[in-house]
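Read the structure below first, then the notes.
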Amino acid sequence: MREPKPLFINEDNLGLVTDFYQLTMAAGYLQNNMNHPATFELFIRRLPENRPFLIAAGLEQALHYLTHLRFSREAVEYIRRHPAFKHVHKDFFSYLKKFRFSGEVFAIPEGTPVFAEEPLLRVTAPMIETQLVETYLLATINFQTLIASKAVRVVLAARGREVVDFGSRRAHGSQAAVLAARACFIGGCRSTSNVLAGQQLGIPVLGTMAHSWVMAFDTEEESFRAFHRAFPENTALLIDTYDTLRAARLAKELNIGDKLLSVRLDSGDLLSLSKGVRKILDEAGLGHVKIMASGDLNEDRIDELMRNDAPIDIFGVGTEMVTSRDQPALGGIYKLVEQERYGRHVPRMKFSEDKVFYPSSKQVYRFLNHSGIYERDVIGVEKEDIGGQPLLEPVMHKGKLCKEPPDLKDIQSRTLESLSHLPEGLKRLRTEEAYTVRKSQRLEELKRQTEEGLRRR
């Protein structure tokens, strides 16, 4: 009987985590002696609906990929056997066996607010290298940026109350669950229910109990007392299995005082139930006990609860956050903007309808007003002298990391600190306000010249 296969990415198959046409183009470039230096930029063409800004995320995993990308012997043999490579010269397979990323990478730091058309990542390397890495970079940056941006909306709606990632069981696979936990933490969540994310990434882990625990005992009281015996120092009880208010009264009768840390509501009218539970607990002298709410929560439901003064201390958010259910995909793209040909830098662009982008290596310059609030961004040519704070920083040089990646808590701190500089209108869940992003005069002129030259040719 064949053993089931775990389909997890590892360093032996990392080279195959790509779209097939990346490999066919790579073979074609090598055969046609077109492995000159090139620059690609990764950016979001248009912001999703109800997202006046995004939070950059996923860079650390992108850098891990670039520093560890290899084609194992098994991977090369798999490619060689494919019918499409029947006539490809053996030099290509020798090239893959020796493949290492050797390029330069500039990136906007994780936790930074970003906007449409701004390059989050700029990659300069031999043409084949820049092409082969496209799929993985897009998948990594797109997904984590999407989830971090959703998490920020949830955290803003909670108005300082704690938000916990409860989404592992609804994420698009177990690897996505860990990356989503990371992105949610970058977006401001305090903890996660995902144990691997806790062990691998240092994110605080939090959980209570399931309804099945309560149902496994003959009485609710017995289930509560048994849980307290197992976890006497940090008892957290789920109280909505049968009758929520009755369970709250039962919780106070356990007489465990400050050992009862929290109670969780997972269904029903969370507004009225949380107020009723709070009243019962306060009357029993259990004002320290926190109320946690969960169950298909999103930023809109949390916002409504907060506007109605729900006494909820912790929000456990799952499906809606780790899948970004209202906007489940981010349209990040990765485009060739410049090549080094004939001893000079040649700008590249396309002008297909609705898909025009600006040529040349670029930098994003951020300007603040006198109060320290972000006022506008200008996308300009790399090294252009126009003032402002340049956002793209060097992160790789000649295939090596320029510096150690920041701690995840520091990235979260950058997110929260950056939010304090955003215009208030951009932080509303529903807003017509848009942030100003302009192109520099020099970049506009370069676009015009490049387009004229391409059309003449």
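The values are calculated or read from the model by the stated rules, or taken from the named source; none is laboratory data. Because the structure is predicted, anything quoted here is derived from the model rather than measured. Cβ placement follows ideal geometry from the backbone for every residue including glycine, while neighbour counts extend to all protein chains displayed.
Take the conditions crowded, with 21+ Cβ neighbours inside 10 Å, among the β-branched types (V, I, T), within 14 Å of the chain's Cα centre (by Cα) and not assigned by TED's automatic domain parsing to the domain that holds E104 and apply them to I239. Does it pass? Judged against the criteria, I239 is not a match. Does K447 meet the test of being surrounded by fewer than 14 Cβ atoms within 10 Å (Cβ to Cβ) and within 30 Å of S102 (Cα to Cα)? So K447 fails the test.
Restricting the range 206-235 to residues that are among the β-branched types (V, I, T) and assigned to a loop (DSSP other than H, G, I, E, B), the residue that is farthest from M292 (Cα to Cα) is T219. Taking helices (runs of 4 or more DSSP H) as the structural unit, those lying wholly within the range 1-82 and holding at least 2 residues that are surrounded by fewer than 19 Cβ atoms within 10 Å (Cβ to Cβ) and of a type in the set (D, E, K, R) correspond to 73-81. When each of R301, R376, R344, R348 is tested for being outside the structural domain of T124 (by TED's automatic domain parsing) and out of contact with any helix residue (DSSP H, G or I) (no Cβ under 7 Å at 6 or more places or on another chain), the lone residue that passes is R301.
Here S149 does not qualify as of a type in the set (G, A, S), under 16 Å from the mean Cα position of the chain (by Cα) and closer than 30 Å to I256 by Cα.
Within the range 413-427, being over 20 Å from the mean Cα position of the chain (by Cα) and charged (D, E, K, R) holds for one residue alone: E424. No other residue among E110, E117 is of a type in the set (D, E), surrounded by 22 or more Cβ atoms within 10 Å (Cβ to Cβ) and under 30 Å from T431 (Cβ atoms) apart from E110.
Annotation for the range 315-337: at least one member residue is more than 30 Å from D243 (Cα to Cα), of a type in the set (S, T, N, Q), buried (at least 21 other Cβ atoms within 10 Å of the Cβ) and at pLDDT 95 or above. Here the range 383-406 is the region considered, the condition is being without any contact (Cβ under 8 Å) to a residue 24 or more places away in the chain and among the acidic types (D, E), and the residue that is surrounded by the most Cβ atoms within 10 Å (Cβ to Cβ) is D385. When F224, F217 are checked against the criterion of being more than 24 Å from V164 (Cα to Cα) and at pLDDT 95 or above, a single residue qualifies: F217. For M34, the conditions (1) within 30 Å of R430 (Cα to Cα); (2) more than 27 Å from the chain's Cα centre (by Cα); (3) of a type in the set (A, V, I, L, M) are fulfilled apart from (1).
The set of residues in the range 224-250 that are in contact (Cβ under 8 Å) with a residue 12 or more places away in the chain and over 24 Å from L305 (Cα atoms) comprises F224, R225, F227, H228, P232, E233, N234, T235, L250.
Note on the range 213-236: among residues that are surrounded by 14 or more Cβ atoms within 10 Å (Cβ to Cβ) and polar (S, T, N, Q), the one that is farthest from the chain's Cα centre (by Cα) is S223. Taking the stated definitions as given, is L429 in contact with a helix residue (DSSP H, G or I) (Cβ under 7 Å, 6 or more places away or on another chain) and among the hydrophobic types (A, V, I, L, M, F, W, C)? For L429, the condition - in contact with a helix residue (DSSP H, G or I) (Cβ under 7 Å, 6 or more places away or on another chain) and among the hydrophobic types (A, V, I, L, M, F, W, C) - is met. When each of Q200, Q175 is tested for being touching a residue at least 40 places away in the same chain (Cβ under 8 Å) and either surrounded by fewer than 20 Cβ atoms within 10 Å (Cβ to Cβ) or not assigned by TED's automatic domain parsing to the domain that holds S294 (or both), the lone residue that passes is Q175. Within the set T124, T140, the sole residue that is closer than 21 Å to N194 by Cα, touching a residue at least 24 places away in the same chain (Cβ under 8 Å) and either of a type in the set (S, T, Y) or in the same structural domain as V76 (by TED's automatic domain parsing) (or both) turns out to be T140.
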